1. Could you give the length gained by full extension between residue 194 and residue 53, i.e. 0.36 nm per residue of separation minus their alpha carbon distance, to one decimal place?
2. By counting other Cβ atoms within 10 Å of each Cβ, how are 18, 101 ranked from fewest to most?
3. Let me check against my output: what whole-number percent is the relative contact order of the chain, with C-alpha pairs under 8 Å and at least 6 apart?
4. Return a whole-number percent for the relative contact order of the stretch 1-119, with Cα pairs under 8 Å and 6 or more residues apart as the contact set.
5. Roughly what % antiparallel, to the nearest 5, for the DSSP beta bridges in the stretch 2-121?
6. Can you tell me which of 69, 138, 127 moves the most in a GNM of the chain? Springs connect C-alpha atoms under 10 Å apart.
7. Quick one: work out the % antiparallel among DSSP beta bridges in the chain, nearest 5.
8. Please list 187-193, 112-118 highest first by mean number of surrounding beta-carbon atoms within 10 Å per residue.
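Please treat every number below as a calculation from the coordinates, not as lab data. Keep in mind that what you see is a predicted model, and the values were worked out from it rather than measured. Using ideal geometry, Cβ is built from the backbone for each residue, glycine included, and neighbour counts are taken over all protein chains shown.
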């Protein structure tokens, strides 16, 4: 799972990433709004920790942009602003939760876990075009057929379905689909992509494409 930390203070960003890494989360850091939006559009981000005070644009602008892109992306706002008005504004603009600096790291972890549980509980089935992934049954449905997936296959397909039409590198895929497993063999991703291509009943509007020199992309609709 990849958490995007949007924080312009290097010391705080480093503290957060070290703590998150110790808990098994992958971490990406953006020190300004433009970098945050770029990373959110190119990395398979699962949750965002967002500071409202950024050097180039308001964090609320970033919040609105992220929310318009993905209504379901969990976003937890971190800010020194402790007045009720700022909290209400952040929540009204689409934040899922709000934590005021300074904070206790254990409380931050508890809130992150709560957001992740809520997101996972609300997504028993994921859809990408005509493809349906049932996370509870670990099955994929499409084109009138169904296939039962292994744990690793399901985790890989889930990553692609959650990030449709986005090019993912092999490192991004292995680091997010199987973050707790050894990544010593560089061809593991290629092997499991081949398994999915052979096993999943792909509907006409969905395909798992190779992007030469970059990685893989789940193409949904259009001509890709």
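1. 46.3 nm
2. So the ranking, lowest neighbour count to highest, is 18, 101.
3. Rounded, it is 16 percent for the chain.
4. Worked out over the stretch 1-119, it gives 22 percent.
5. 5 percent
6. Maximum fluctuation in the GNM of the chain, among the listed residues, is at 69.
7. Working: 19 of 36 bridges.
Rounded to the nearest five, the antiparallel share is 55 percent.
8. Highest mean packing first, the order is 187-193, 112-118.
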